[in-house]
Amino acid sequence: MPTPAPVAPHPDAAAQAAAVVDDFHASVAENYRERVLQLLAPDVAIFEQGYTESSRDAYADGHLDSDLLFAASTRYEVVHREAYASGDLAWVITQARTTGRFSGQSVDIDNTETMVLQRRGGRWLIVHIHWSAHPRAG
């Protein structure tokens, strides 16, 4: 049985995938709902704080609008990011901080995020998001 090739960073593909993740966050922050949905694969699986949305339509009908409202009231800042790609798959891992006010409450949280992207039809689409967050220790 052949040994699988080691996974190593592929700067061009990894950078392209990271740019899609940046576009996703910018689109959320700008309340650009249509663009957010364009960046997601129809079969995207989104995990957040123990909940799952198992398609782009489920996210559009569920949690997306609250994410847009939250982003409009807060500031998302990337603290550390790494991006990797192998063939038509890429993954971007991010540590970030979100600050601001939402629903009358002060927000200061540390976020971790993993996004998996797949190249389909020549475009990178987000096929999986895993978000978690907790109040910033301080």
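The values are calculated or read from the model by the stated rules, or taken from the named source; none is laboratory data. Computed from a prediction, not measured in an experiment: that's the story for all the values here. All Cβ positions, even for glycine, are placed from backbone atoms using ideal geometry, and neighbour counts span all protein chains on display. Only protein heavy atoms, including side chains, enter the accessible area calculation; ligands, DNA and RNA are left aside. Shrake-Rupley method; radii C 1.70, N 1.55, O 1.52, S 1.80 Å.
For this structure, a couple of remarks:
- Per-residue [θ]222 nm for the chain (sum of -39500 (n - 2.57) over DSSP H runs n ≥ 4, rounded to 500): -9000 deg cm²/dmol
- Listed values [x] 1.09; [y] 0.99; [z] 1.58, entry calculated as Cα Rg over 2.2 N^0.38 Å: [x]
- Between 0 and 90 degrees, the angle of helix 11-29 with respect to the longest Cα principal axis of the chain falls at about 20 degrees.
- Relative contact order for segment 33-134: 27 percent, from Cα pairs under 8 Å spaced at least 6 residues apart, divided by residue count.
- Measuring nothing but protein heavy atoms, the accessible surface of the chain at 1.4 Å probe radius is 54 percent carbon and sulfur.
- Beta bridge orientation in the chain: antiparallel %, DSSP, nearest 5: 90
- Cα-based helix-to-principal-axis angle, 64-73 vs the chain, degrees rounded to 10: 60
- Charge tally around ALA13: other residues with Cβ under 10 Å, Lys/Arg +1 each, Asp/Glu -1 each, net -1.
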